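The block underneath contains the structure these notes are about, expressed in structure tokens.
The values are calculated or read from the model by the stated rules, or taken from the named source; none is laboratory data. Note that the structure is a prediction, hence the values are computed from the model and not measured. As a convention, Cβ positions derive from the backbone with ideal geometry for all residues, glycine included, and neighbour counts pool all protein chains shown. Quick note on the areas: whole protein, heavy atoms, side chains included, nothing else; ligands and nucleic acids left out. Shrake-Rupley method; radii C 1.70, N 1.55, O 1.52, S 1.80 Å.
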Amino acid sequence: MAIVQKLKEYGKNYGVAWFVVNQTVGWITYFAIYFFLVFSNINILGYLSQFSYTKSIVDAISPTAGNLAVAFALNRLGTPFRILITTALMPYFGESINDFVNPYLIKWGLFTVPPEKDDDGFPGVEFEGKKNK
């Protein structure tokens, strides 16, 4: 099965939980990268000035904004790894997150109640198979 089909299957099976876990992992990695840059005292503006940027541009950037921008760029580069992490976590956390989040989404009208399935596995549809004409 192709990776795109697997991702669609995960989105179909886990729904809201996929989004919640992916966003949580994304924010954790973003702030981890940012705090690493801040506490390791990496001078982002010093690196920018080496690439022949004009002095006015480098002076206009605050040191914190430089770290935020670099953390954002590195976080975007890590998106494939976040998808792998999310895919690995979904079998463990997907059902419990959906059980917690879905009632609120239904209450707020953002999500509809899925129809009950009959014995044949189809919601509200009588299945008799193919009929010969």
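Taken together, Ala32, Ala2, Ala17 contain a single residue that is modelled with pLDDT of 85 or more and more than 24 Å from Leu74 (Cβ to Cβ), which is Ala17.
Across the range 35-58, the qualifying residues are those that are open to solvent by 100 Å² or more (accessible area, probe 1.4 Å) and assigned to a helix (DSSP H, G or I), and the one among them that is modelled with the lowest pLDDT is Lys55. Assigned to a helix (DSSP H, G or I) and modelled with pLDDT under 80: is that true of Leu89 in this structure? Considered against the rule, which asks whether it is assigned to a helix (DSSP H, G or I) and modelled with pLDDT under 80, Leu89 comes out as no. For the range 1-30, residues that are closer than 14 Å to Phe111 by Cβ, of a type in the set (Gly, Ala, Ser) and part of a helix (DSSP H, G or I) total 1.
With respect to being farther than 30 Å from Pro103 by Cα, part of a helix (DSSP H, G or I) and modelled with pLDDT of 90 or more, Ala65 falls outside the description.
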